[in-house]
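Report on the following structure.
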Amino acid sequence: MAELFQHPGYEEERLRRVAEQLPCREVQTGMLLSLMGQLPHATVSCVECVSVALLFEQVLLAFFGCAATSLLPRSASLSDFVRVYRQQCSQAPAKQTRYIVMEKAELLRDTDANLLPALLRLQELVEDNITIILLSEIVWDKFRPNTGCFEPLLLHFPDYSKGELQKILSQDRHPSYSDEFYSSYINILLGVFYSVCRDLRELRHLAALNFSKFCEPLEEGKVKETDTHKLWRNIEPHLKKAMQTVYLREVSSVQWEQMQQMEEKENGALRGLSAHTHVELPYYSKFLLIAAYLASYNPARTDKRFFLKHHGKIRKTNFLKKNEKTSNHLLGPKPFPLDRLLAIFYSVVDSRISSLVTLQLLTQVSHDDQLDAPKYKCAVSMDFICAISRTVNFEIVKYLYDFL
């Protein structure tokens, strides 16, 4: 692989390490080596730099040392950075091009409007041989300043193909198992997740998270390494469940493993609940169903008491009516308009409602031709909504009128 990176002035061992660190990126890596090589650079993470002053400090520290950063005022501006940089350049002029590599460059959109255009013309401002490299996972058109700026040269890194992901992920094999066994696991993993996720870091996280579950039948002596079909049947439900939380990272890896173990132990106890308990819902659909339950069982005028800040003290006895002396849970769910549900949910979730109606978790009580304000009522039990609420750490009892 290192043969593709044969460039004069570079040691073969160093080129080999580059090839190992960046597999399946031979074309792009070779182009970067041809254009720039390994020259003085400052790597700046836009995630870590919570202020512009920190960004300037990291650049000066990488090129000129601590003495240069001490010359910046407490809240440094762009003009302060340019002034200090020019002073340092006069004392230590660049013998070769200096590079500033900015990771997660799309976050620059949240800074001052003049920062990104100024960085793209930094060579003119500081009168030095310096180049800015912006690293981003979104296209340049998405964060180009509206005021206009110097257009950068674009180098596109395409998504990894399925074969390339197989090759890269297979390099992370567990030392206790053979290459063929881990490669077959990665093949199964990609068969489930490749259609919804192409991100290498997320797939690597999922591979590490579910590998212990894949090996369980093997460790218990029930199957052999070559019995791929039985291993697949064991891991399939767990991979499908993990697919619902791709990118969300609702829990840590340790918490995920603990939840898997608790689910197996409590499987028998959950059978006594509503049959809907076993329905797997996406993360935000759970909150939508919780909002529907609150809208069905709480009087509309109590929404202010539960969901507005600075609502003042409202006592239950002050707004009790004759027909509300009976518990709302004994009277059954009441219909609610869609706009009230969305107000409780605080988000646009119209794409999720149809799936909840299909699963018979919500019931539409208005006519199909009533598109402006359709009405629904929640059709799940108290036990079921409490179980759903626990999965997202939401104490629904605190928000129910009957339990004030």
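The values are calculated or read from the model by the stated rules, or taken from the named source; none is laboratory data. This one's a predicted model, so the numbers in the text were calculated from it and none came from an experiment. So basically every Cβ, Gly included, is an ideal-geometry build from the backbone, and we count neighbours across all protein chains shown. Please note that ligands, DNA and RNA were not included when accessible areas were found on the heavy atoms of the full protein model with its side chains. Shrake-Rupley method; radii C 1.70, N 1.55, O 1.52, S 1.80 Å.
Can you give the local net charge around Ser296? Use residues other than it whose beta-carbon is closer than 14 angstrom to its beta-carbon, Lys and Arg +1, Asp and Glu -1. Taking every other residue near Ser296 into account, the sum is +2. Backbone amide hydrogens, once placed in the peptide plane, bring Arg98 within less than 5 Å of Ile130, Thr131, excluding anything fewer than 5 places away on its chain. Can you tally the net charge around Leu120? Count Lys and Arg as +1, Asp and Glu as -1, for every other residue whose Cβ sits under 13 Å from the Cβ of Leu120. Residues close to Leu120 contribute a combined charge of 0. In the context of the full set of protein chains, the stretch 39-142 has a per residue accessible area of 55 Å² (1.4 Å probe).
Does the stretch 136-199 come out rounded, prolate or oblate, given a ≥ b ≥ c as the square roots of the eigenvalues of its C-alpha gyration tensor, rounded meaning a/c under 1.5 and, failing that, prolate meaning a/b above b/c? Prolate. Pairs from the table (Lys240/Lys398; Lys167/Lys222; Lys286/Lys375; Lys104/Lys142; Lys241/Lys398) lying more than 22 angstrom apart at Cα are Lys240/Lys398; Lys167/Lys222; Lys241/Lys398. At a 1.4 Å probe radius, carbon and sulfur cover how many percent of the accessible area of the stretch 39-142? Of all accessible area on the stretch 39-142, carbon and sulfur atoms account for 51 percent. The heavy atoms of Arg198 offer some 100 square angstrom of accessible surface to a 1.4 angstrom probe.
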